[in-house]
Amino acid sequence: MSERPRDSERLRDYHAKRDFDRTREPEGRAGVTGAEPRFVVQIHDASTMHFDFRLQVGDVLKSWSIPKGPSDIPKDKRLAVPTEDHPLEYEEFEGVIPEGEYGGGTVIVWDHGTYEPLSHDRQGRPVDFAESIEHGHATFRLHGSKLRGTYALTRFRGDDDESWLLVKKAEGRAGGHGAPDPRRARSVRSGRTLSQVAADDRKK
Ligand code: MN
């Protein structure tokens, strides 16, 4: 059995990396939960362009950085590197993290929606989704505006860092979209590109 972190420690790593006098990212005070768990994919033009893939598990967003973004093609296995848990309100975050701050750069919300947890054990019996993440193999069906269908996240050991793969399941029907060119991609919230969000931020 895993221990649930105390609430004050829920976002300890997230808070430790950020100065909330400087960044407009959410502090994550609330733990609002709806009926169905949420997911979000953000495009983050930081020191290295990447996609941030986040799944609501309980009162946090479990997070992975995916350099190439999610694919809708089952044979394209995408490297996913775990990052710290983020607050649920982070799903809404789109804007510019100041230069010099942790993750400095522009963020857009590329896709969001709900997901169905589908994790099961080797005998095909359903298992608790949070436990399946801790055990390193989770399956889920995304209901986004762009991403649709069943995906699996599976942990493997890379050289030193913990690494995972995000893989689309073959389902015999057309899925949604795969990851776009990040510089041309538009926000599902505002329709803006990364460069438009950055330009709007400079006007503030
Ligand atoms: Mn990021």
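Any read-out appearing in this document is the output of simple, stated calculations on the displayed coordinates, not a laboratory observation. All figures in this text were calculated on a predicted structure; none of them were measured in a lab. Note that each Cβ is placed from the backbone with ideal geometry, even for glycine, and that neighbours are counted across all protein chains shown.
Worth pointing out:
- When Ile66, Ile108 are sorted by how many other C-beta atoms sit within 10 angstrom of their C-beta, beginning with the fewest, the order is Ile66, Ile108.
- Loop sites in the stretch 99-131: chymotrypsin sites (Phe, Trp or Tyr not before Pro), DSSP, at most 16 other Cβ within 10 Å: Tyr102
- Inter-centroid distance (Cα atoms) of the stretch 50-82 relative to the stretch 137-153, Å: 10 Å
- Taking Lys and Arg as +1 and Asp and Glu as -1, the other residues whose beta-carbon sits under 9 Å from that of Arg18 total -2.
- Take the Cα of Lys169, go 7 Å toward its beta carbon, and the backbone nitrogen atoms of the stretch 69-93 under 17 Å from that spot belong to 71-78.
- Gain upon complete extension [Arg184, Val81; 0.36 nm per residue less C-alpha separation]: 34.7 nm
- Net lengthening on full extension, Arg122/Arg12 (0.36 nm per residue, minus Cα-Cα): 36.2 nm
- Three-way shape call for the chain based on the alpha-carbon gyration tensor, with the a/c threshold at 1.5: oblate
- Working note: 222 nm ellipticity from helices only, DSSP H runs with n ≥ 4, each -39,500 (n - 2.57), summed and divided by the residues of the chain, gives -2500 deg cm²/dmol to the nearest 500.
- Reachable lysines from Lys62, criterion Cα separation under 23 angstrom, eight or more residues apart if same chain: Lys17, Lys77, Lys146, Lys168, Lys169
- Sites counted here are GluC sites (Glu not before Pro) in a DSSP loop (not H, G, I, E or B) having no more than 16 other Cβ atoms within 10 Å; the longest part of the chain that contains none of them is 28-98.
- Under the convention that each Lys and Arg Cβ holds +1 and each Asp and Glu Cβ holds -1, the size of the dipole of the stretch 9-202 around its Cα centre is about 940 debye.
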